[in-house]
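Participant: This is the structure I have questions about; it appears just below.
The values are calculated or read from the model by the stated rules, or taken from the named source; none is laboratory data. Nothing here was measured: the structure is a model prediction, and the numbers come from that model. Cβ coordinates were reconstructed from backbone atoms using ideal geometry, including for glycine residues, and neighbour counts include every protein chain displayed. Just so you know, the surface numbers come from the protein's heavy atoms only, side chains and all, with ligands and any DNA or RNA stripped out. Shrake-Rupley method; radii C 1.70, N 1.55, O 1.52, S 1.80 Å.
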Amino acid sequence: MILDGKCPTGPIEKSWDKHRFDMKLVNPSNKRKYKILVVGTGLAGGAAAASLGELGYNVEAFCYQDSPRRAHSIAAQGGINAAKNYPNDGDSIQRLFYDTIKGGDFRAREADVWRLAQVSNNIIDQCVAQGVPFGRDYAGYLDNRSFGGAQVSRTFFSRGQTGQQLLLGAYSALSRQIKAGTVKMFSRTEMLDLVVVDGEAKGITVRDLITGEIRVHTGDAVLLCTGGYVNVFYLSTNAMGCSVTANWAAVKKGALMANPCYTQIHPTCIPQAGDYQSKLTLMSESLRNDGRCWVPKKAEDCGKVPGSIPEADRDYYLERKYPSFGNLAPRDIASRAAKEQCDDGRGVGPGGRGVYLDFADSIQRLGEHTIRERYGNLFEMYERITDENGYKTPMRIYPAPHYAMGGLWVDYNLMSNVPGLFVLGEANFSVHGANRLGASALMQGLADGYFVIPNTVAHYLAQTKPGVVKAEHAECKKSIQDVKDRANKFLNINGKKTVTEFMRELGTCMWENVGMARTEKSLTTAIEKIPGIREEFWKNVKVTGTGAELNQQLENAGRTADFLEFAEMLSRDALHRNESCGGHFRVEYQYDDGEAKRNDADFCYVGAWEYKGVGKEPELHKEPLKFENIHLAVRSYK
Amino acid sequence: MSGHNDHNAQETTPAQVGGHGGHDDHGAHGTMTLTLIVWRQPNADAPGRMETYVAKGITEHHSFLEMLDVVNEDLIKTGKEPIVFDHDCREGICGMCSQVINGVPHGGQERTTVCQLHMRKFKNGDTIYIEPWRAKAFPIVKDLIVDREGLEKIMQAGGYTSVHTGGAPDANATPIPKPIAEYAMDAAECIGCGACVAACPNGSAMLFTSAKVAQFAALPQGQVEAAERVKAMVQALQDCGFGNCSNHYECQAACPKGINVQFIAHLNREYVKALFK
Ligand SMILES: Cc1cc2nc3c(=O)[nH]c(=O)nc-3n(C[C@H](O)[C@H](O)[C@H](O)COP(=O)(O)OP(=O)(O)OC[C@H]3O[C@@H](n4cnc5c(N)ncnc54)[C@H](O)[C@@H]3O)c2cc1C
Ligand code: SF4
Ligand code: FES
């Protein structure tokens with residue numbers, strides 16, 4: 001099967017406008033007859049539910065937190081891109097398009113990326129109208145900063161809390177629709193299964209996390225806006241509840257999972273301190289503007305107080321290896337270089353998994369005051385977690401899993417290969433390719449939710465009869481039974497190990513073998529090991545309590561069980577892709593100088609996997625990628 | 001206090017814990033043992049009570065929630081129900097975590113949520129009381145989890161501008177002076193955790209509400225609907241069973257984001273203005 005992305009043809013500049021015109025519309029008075037289920041209320045889902053409610057559709061929205069305002073989008077710090085060219089430094093839709101395609105290592109679709117760049121400008125207008133307090137200059141105009149991978153200042157920000165403010169904007173629009181009665185909100189509700197009838201998505205099966213009730217919600221279209229899966233590595237910068245569960249339910253019902261091996265590792269995170277640790281905290285990458293990365297040259301110096309190690313015994317490895325970019329090398333390169341130093345036995349801090357990020361030089365050059373002004377909140381955050389003063393002693397950083405570029409396969413309309421199932425935001429695979437540039441995930445979530453889906457879902461609904469499937473349908477009943485059976489299975493195993501122990505074991509295996517640098521051997525090791533962990537899980541996990549109450553162990557057991565299956569697919573994707581690109585680095589495929597070696601002749605495609613059963617090898621489908629507007633070129637940061 | 005039927009509690013009594021070592025002898029490599037006295041309540045209708053647990057092997061690097069994770073792992077292994085608590089981001093921004101520690105919402109470290117509180121703030125041998133948010137408008141769901149739907153209702157009453165997706169003018173069409181943008185941002189930093197309500201002797205959600213009202217009232221985008229907004233939000237606040245503000249300022253002291261009570265004054269001004277409209 002060759003997958004068709006259904007991208008519009010003709011000049012790219014006109015592609016979205018033309019496509020929008022060609023799509024069918026739903027008559028305003030008919031809209032309320034259609035029910036749309038929106039799973040997830042982060043930037044993508046919150047924006048989608050609010051926009052669709054506004055248009056007059058009958059919307060039901062779901063999230064596992066107690067409020068849509070707490071979705072993980074809230075945590076984004078840095079900013080959101082748009083091609084406004086307010087600073088007059090030469091930005092344009094064309095340039096944002098170009099940077100995104102190149103930054104993604106030519107593994108994203110041109111048409112989708114063009115559309116993202118085009119609607120990016122509407123996003124800022126929309127958010128400002130909602131009252132999002134973006135940074136302003138003294139004249140009162142919007143302020144911009146620059147961010148990794150771009151030479152223009154196109155990033156809009158709200159202090160260090162951009163994700164929070166954008167989400168609160170979407171959440172307020174959503175609150176307005178809830179009040180208006182167009183959106184019905186179901187918080188503390190987790191989607192556990194997808195209902196597919198005659199090949200089309202017609203409902204979801206959920207668990208009410210407070211009462212434990214399992215029930216089906218039927219609808220005419222289902223939108224998955226459920227975020228990313230990098231918690232498959234156990235420790236990551238994501239929130240504790242982030243999971244692959246909703247996506248995996250869809251995969252088991254026939255949806256294809258695209259490019260799962262593209263996971264982004266962020267270089268400037270606070271290193272792990274101990275086994276009890278539950279998450280890794282990201283510090284803005286901007287720190288690398290003024291901080292210098294180094295490790296001791298001699299392994300025996302690693303335990304010493306950093307200040308006592310003379311200059312001559314320090315290895316400023318990024319400056320040494322990448323003289324022109326130095327400490328500002330892109331995320332994947334900086335991350336890998338840090339791991340190499342640590343693997344070489346020269347890491348610092350607990351477990352030797354850390355490198356120094358040293359501000360001594362810049363403090364001497366600029367004064368502590370300037371550094372405090374620039375990064376004060378980050379130093380404070382660092383001190384709170386580590387109890388160390390970054391002004392006096394170098395900070396320690398280490399890379400951490402951060403973002404999923406892979407996700408469910410969707411066509412240009414954001415529809416998966418299961419008709420009626422749409423996927424938005426981090427949950428889909430569409431625009432980032434193999435590597436995501438900073439400040440573009442927020443942009444994607446809001447573009448999908450505010451500006452793309454209201455058009456494309458209409459095109460599907462206009463060709464669909466409303467309300468065909470009711471909760472009494474056999475498929476709904478079967479789905480409820482399956483979900484109940486699975487919960488009972490967890491509760492009755494009564495083994496000896498906790499869910500967290502299994503998740504930690506899986507995460508360690510994934511991080512060691514499928515993390516930043518992969519080899520055929522490490523990937524094969526993971527693929528051999530995962531089924532063993534999975535089998536033990538189903539024999540030896542211990543989940544206390546019952547299903548008919550709030551039961552966090554049961555919730556976690558389900559998420560872990562899904563990760564245990566998904567992890568294998570992710571590893572297989574990484575194994576089959578015999579090339580290095582973006583966040584996927586295969587040690588066998590690199591240039592002499594350590595740069596990633598892409599193989600366009602053989603791998604210029606989207607790898608989309610079809611599930612064939614637990615433990616069975618999934619089937620690979622390919623969507624070839626064509627680059628007609630931007631020429632394939634080697635990414636070099638020397 | 002009825003923790004004596006608990007397995008963990010029997011292993012070590014609080015007195016023994018104290019005997020394990022002085023308060024100062026846990027260095028970077030030492031571990032702590034703590035006595036936890038925790039509110040347990042199976043569901044909204046069941047009675048609740050304080051139970052005693054012992055947390056062992058805790059280092060100064062554990063966050064408060066990680067300390068509870070360790071205790072919970074032990075409980076699960078012995079077939080007991082773990083302590084449930086709300087949390088998600090664990091980096092102080094989602095507003096999900098909500099615990100009253102030794103009588104103070106979020107544990108009393110200035111501008112810090114529970115998830116960002118670290119065990120280095122405690123000493124070996126300490127006894128720690130852990131309770132849920134307490135307020136009439138926040139019914140207990142289970143153990144340390146409460147229902148904060150009231151805050152949603154306040155937002156739904158008017159915490160928005162009535163803009164439709166897609167019709168917005170260019171973002172720079174209306175300049176907003178930097179000081180006003182900064183003021184709006186100060187207000188907008190509220191994470192909706194509800195600690196202000198838990199800290200208030202009247203269980204008032206005034207700080208939360210005022211932050212949103214002030215943010216929008218400061219901005220041209222929000223001014224159009226300012227009068228209706230403040231009236232509707234204050235009405236919702238009363239309907240949900242939140243108390244009145246009588247200027248105790250406990251809210252500001254407990255707020256992890258340092259939301260200032262000046263916004264309550266701003267809300268009051270807006271409210272009075274609205275009444276005369
Ligand atoms: C620390 C951090 C900093 C970041 N900084 C930036 C930045 O500066 N700029 C940038 O562009 N990007 C940044 N990102 C990335 C960006 O924040 C995310 O990719 C983006 O917010 C994801 O939005 P989303 O709407 O797709 O998903 P989310 O915001 O994760 O929302 C997922 C939603 O799905 C719900 N959900 C999930 N599973 C289920 C289920 N089974 N049932 C019911 N509901 C479910 C959740 O409740 C939630 O509502 C950052 C990410 C992190 C982790
Ligand atoms: S005002 Fe402060 S304490 Fe109250 S909800 Fe907002 S952040 Fe929490
Ligand atoms: S868990 Fe998110 S603020 Fe504490």
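Participant: If amide hydrogens are placed 1.01 Å from N in the peptide plane, which non-local residues have theirs closer than 5 Å to the one on A:Leu223?
Facilitator: A:Leu37, A:Val38, A:Val39, A:Phe422
Participant: Among the lysines, which have Cα under 24 Å from the Cα of A:Lys392 when same-chain residues fewer than 8 positions away are ignored?
Facilitator: A:Lys297, A:Lys298, A:Lys304, B:Lys121
Participant: Another question about this same structure. Please give me the summed charge of the neighbours of A:Asp198: other residues whose Cβ is under 15 Å from its Cβ, Lys and Arg +1, Asp and Glu -1.
Facilitator: On the way: positive: A:Lys202, A:Lys253, A:Lys465, A:Lys470, A:Lys478; negative: A:Glu200, A:Asp220, A:Glu475.
Once positives and negatives cancel, what remains is +2.
Participant: Each label point is 7 Å from the Cα along the Cα-to-Cβ direction; what then is the distance between the points at A:Arg365 and A:Glu619, in nm?
Facilitator: Inter-label distance under the simple model: 5.8 nm.
Participant: Leaving out ligands and nucleic acids, and using a 1.4 Å probe, what accessible area per residue does chain B come to in Å²?
Facilitator: Accessible area per residue, chain B: 39 Å².
Participant: Hey, what did region B:35-160 get for relative contact order, percent, Cα under 8 Å, at least 6 apart? Spell out each step's value before the answer.
Facilitator: Values: 214 pairs, mean separation 36.7, N = 126.
Averaging sequence separation for qualifying contacts and normalising by length gives 29 percent for region B:35-160.
Participant: On a 1.4 Å probe surface of the protein chains, which of A:Tyr412, B:Tyr160 comes out largest in accessible area, and what is the full order?
Facilitator: B:Tyr160, A:Tyr412
Participant: P(r) tail for region B:96-144, what percent of Cα pairs lie past 19 Å? Don't jump to the answer; show the numbers that get you there.
Facilitator: Details: 312 of 1176 pairs.
Tail of the P(r) past 19 Å holds 27 percent of the pairs.
Participant: Take each of the peptides A:41-48, A:536-543, B:135-142, average the number of other beta-carbon atoms within 10 Å over its residues, and list them starting from the highest.
Facilitator: Those peptides, ordered most packed to least, come out A:41-48, B:135-142, A:536-543.
Participant: Okay, moving on. What would the Debye formula give as log10 I(q)/I(0) at q = 0.17, 0.22 Å⁻¹ for the alpha-carbon point model of region A:302-380, no solvent?
Facilitator: Ignoring solvent entirely, the Cα scatterers give -0.84, -1.25.
Participant: Also: With +1 on the Cβ of every Lys and Arg and -1 on the Cβ of every Asp and Glu, and nothing else charged, how large is the dipole of region B:119-172 about its Cα centre, in debye rounded to the nearest 20?
Facilitator: That gives region B:119-172 a dipole magnitude of about 340 debye.
Participant: Using only Cα atoms, what Kirkwood radius does region A:219-325 have, in angstroms?
Facilitator: So the Kirkwood estimate lands at 17.9 Å.
Participant: Moving on. Mind jotting down the distance between the C-alpha centroids of region A:248-314 and region B:93-170, whole Å?
Facilitator: Cα centroid of region B:93-170 versus Cα centroid of region A:248-314: 29 Å apart.
Participant: Still on this model: Express as a percent, rounded to the nearest 5, the fraction of DSSP beta bridges in the protein assembly as shown (both residues included) that run antiparallel. Show your work: numbers first, answer last.
Facilitator: Numbers: 59 of 83 bridges.
Given both bridge residues lie in the protein assembly as shown, the antiparallel proportion sits at roughly 70 percent.
Participant: Would you work out the charge dipole size for the protein assembly as shown about its Cα centre, treating the Cβ of every Lys and Arg as +1 and the Cβ of every Asp and Glu as -1, and quote it to the nearest 20 debye?
Facilitator: Rounded to the nearest 20 debye, it is 1480 debye.
Participant: Among A:Asn58, A:Met191, A:Gln165, whose Cα sits farthest toward the positive end of the charge dipole of chain A (+1 at Cβ of Lys/Arg, -1 at Cβ of Asp/Glu, about the Cα centre)?
Facilitator: A:Asn58
Participant: State whether region A:66-138 is rounded, prolate or oblate according to the following rule on the C-alpha gyration tensor (a ≥ b ≥ c being the square roots of its eigenvalues): a/c under 1.5 gives rounded; otherwise a/b larger than b/c gives prolate, and the remaining case gives oblate.
Facilitator: oblate
Participant: In nm, to one decimal, how far is the A:Ala601 label point from the A:Gln481 one, both placed 7 Å along Cα→Cβ?
Facilitator: Modelled inter-label distance: 5.4 nm.
Participant: Right, something else. Which order do peptides A:553-563, A:371-381, A:429-439, A:110-120 fall in by mean Cβ count within 10 Å, highest first?
Facilitator: A:429-439, A:110-120, A:553-563, A:371-381
Participant: Along region A:404-417, what does the Karplus equation 6.51 cos²θ - 1.76 cosθ + 1.60 (θ = phi - 60°) give for ³J(HN,Hα), rounded to whole Hz, x for Gly and Pro?
Facilitator: Values, residue by residue: 9, 7, x, x, 5, 5, 9, 8, 4, 7, 6, 9, 6, 6 Hz.
Participant: How many Cβ atoms of partner chains, on average, are near each residue of A:69-75 if near means within 10 Å of its Cβ?
Facilitator: Whole-number average of other-chain Cβ neighbours for A:69-75 is 6.
Participant: Still on this structure: What shape does region A:353-420 take by its C-alpha gyration tensor, where a ≥ b ≥ c are the square roots of the eigenvalues and a/c under 1.5 counts as rounded, a/b above b/c as prolate, and the rest as oblate?
Facilitator: Prolate.
Participant: Could you provide, to the nearest whole Å², the per residue accessible area of chain A with probe 1.4 Å? List each step's numbers first, then the result.
Facilitator: On the way: 21820 Å² over 638 residues.
Result: 34 Å² of accessible area for each residue.
Participant: Relative contact order for region B:119-277: what is it in percent, counting Cα pairs under 8 Å that are at least 6 residues apart?
Facilitator: 28 percent
Participant: Could you state the per residue volume, in Å³, of the convex hull enclosing the Cα atoms of region A:8-51? Numbers along the way, then the final one.
Facilitator: Working: hull volume 4.9 nm³, N = 44.
Hull volume normalised by residue count: 112 Å³.
Participant: Okay, next question. Hey, what number do you get for chain A at 222 nm if only DSSP H runs of n ≥ 4 count, each worth -39500 (n - 2.57), divided across all residues, to the nearest 500?
Facilitator: -11000 deg cm²/dmol
Participant: Run the simple label-point estimate for A:Arg32 and B:Ala274 please: 7 Å along Cα→C-beta, distance reported in nm.
Facilitator: 2.8 nm
Participant: A further question on this structure: Have a look at the protein assembly as shown and give its Rg and Dmax from the Cα atoms, expressed in angstrom.
Facilitator: When restricted to Cα atoms, the protein assembly as shown yields Rg and Dmax of 26.4, 79 Å.
Participant: For A:Tyr403, enumerate residues with amide H under 5 Å from its amide H, sequence gap 5+ or separate chain, H modeled in the peptide plane.
Facilitator: A:Gln264
Participant: Here's a follow-up. Based only on the alpha carbon positions, what is the Kirkwood hydrodynamic radius of region A:431-497, in angstrom?
Facilitator: Working: mean 1/r = 0.0596 Å⁻¹.
Kirkwood hydrodynamic radius for region A:431-497: 16.8 Å.
Participant: Give the long-range amide H neighbours of A:Asp315: residues separated by 5 or more places, or on another chain, with amide H under 5 Å away, using H modelled in the peptide plane at 1.01 Å from N.
Facilitator: Residues meeting the criterion, in which the H sits 1.01 Å from N, are A:Val295, A:Lys297.
Participant: Also, quick follow-up: Is there a pair in A:Lys279/B:Lys257; A:Lys470/A:Lys612; A:Lys31/A:Lys179 whose C-alpha atoms are over 25 Å apart, and which pairs would that be?
Facilitator: Numbers: A:Lys279/B:Lys257 21 Å; A:Lys470/A:Lys612 28 Å; A:Lys31/A:Lys179 18 Å.
Among A:Lys279/B:Lys257; A:Lys470/A:Lys612; A:Lys31/A:Lys179, the Cα-Cα distance tops 25 Å for A:Lys470/A:Lys612.
Participant: In angstroms, what radius of gyration and Dmax does chain B have, counting Cα atoms only?
Facilitator: 21.7, 69
Participant: Quantify how strongly other chains surround peptide B:143-149 by giving the mean number of their Cβ atoms within 10 Å of each of its Cβ atoms.
Facilitator: Numbers: counts 2, 0, 5, 1, 4, 3, 4.
Partner-chain Cβ atoms within 10 Å, mean over residues of B:143-149: 3.
Participant: Relative contact order of chain A: what whole-number percent is it, with Cα pairs under 8 angstrom and at least 6 residues apart?
Facilitator: Relative contact order for chain A comes out at 20 percent.
Participant: Using θ = phi - 60° and the Karplus relation 6.51 cos²θ - 1.76 cosθ + 1.60, list the HN-Hα couplings for region B:260-265 in order, rounded to whole Hz, with x at every Gly or Pro.
Facilitator: In residue order, the calculated couplings are 8, 5, 4, 5, 5, 4 Hz.
Participant: From the square roots a ≥ b ≥ c of the eigenvalues of the alpha-carbon gyration tensor of region A:551-592, which class results: rounded (a/c under 1.5), prolate (a/b over b/c), or oblate?
Facilitator: Verdict is prolate for region A:551-592.
Participant: What are the lysines whose alpha-carbon lies under 21 Å from the alpha-carbon of A:Lys24, with same-chain residues fewer than 8 places away excluded?
Facilitator: Answer for A:Lys24, where 21 Å is the Cα cut-off: A:Lys6, A:Lys14, A:Lys33, A:Lys35, A:Lys202, A:Lys465, listed by chain and number.
Participant: Now a separate question. Seen from all sides and averaged, what is the projected area of the convex hull of the Cα atoms in region A:474-543, in nm²? If you can, show how the numbers build up before the last one.
Facilitator: Details: hull surface 24.0 nm².
With every direction weighted equally, the projected area is 6.0 nm².
Participant: Still on this structure, I have one more. Need one value for B:220-229: mean number of C-beta atoms belonging to other chains within 10 Å of its residues' C-beta atoms. The partial results should precede the final answer.
Facilitator: Numbers: counts 1, 6, 2, 1, 0, 0, 0, 0, 0, 0.
Averaged over the peptide's residues, the number is 1.
Participant: Above 20 Å lies some portion of the pair distances; for region A:119-187, what is it as a whole percent of all C-alpha pairs?
Facilitator: When all Cα pairs of region A:119-187 are counted, 39 percent exceed 20 Å.
Participant: Here's something else I'd like to know. What is the magnitude of the charge dipole of region A:153-283 about its Cα centre, with +1 placed on the Cβ of each Lys and Arg, -1 on the Cβ of each Asp and Glu, and no other charges, expressed in debye to the nearest 20?
Facilitator: Dipole of region A:153-283, to the nearest 20 debye: 440 debye.
Participant: Continuing with the same structure: When the C-alpha atoms of region B:153-277 are aligned to their principal axes, what extent does each axis show, in angstrom, from largest down?
Facilitator: That works out to 45, 28, 26 Å along the principal axes.
Participant: Oh, and also: What is the ratio of the Cα radius of gyration of region A:520-638 to 2.2 N^0.38 Å, where N is its residue count, to two decimals?
Facilitator: Details: Rg = 19.2 Å, N = 119, 2.2 N^0.38 = 13.5 Å.
Region A:520-638 yields a ratio of 1.42.
Participant: Taking region A:329-447, how much of its Cα-Cα pair set, in percent, is spaced more than 23 angstrom apart?
Facilitator: Everything past 23 Å amounts to 53 percent.
Participant: Also, I was wondering about something else. Excluding A:Glu501 itself, calculate the net charge of residues whose Cβ lies under 11 Å from the Cβ of A:Glu501, where each Lys or Arg counts +1 and each Asp or Glu counts -1.
Facilitator: With Lys, Arg at +1 and Asp, Glu at -1, the net is +1.
Participant: Just to confirm my numbers, what's the Cα centroid distance between region A:53-112 and region B:236-277 in Å?
Facilitator: Here the two parts' Cα centres lie 34 Å apart.
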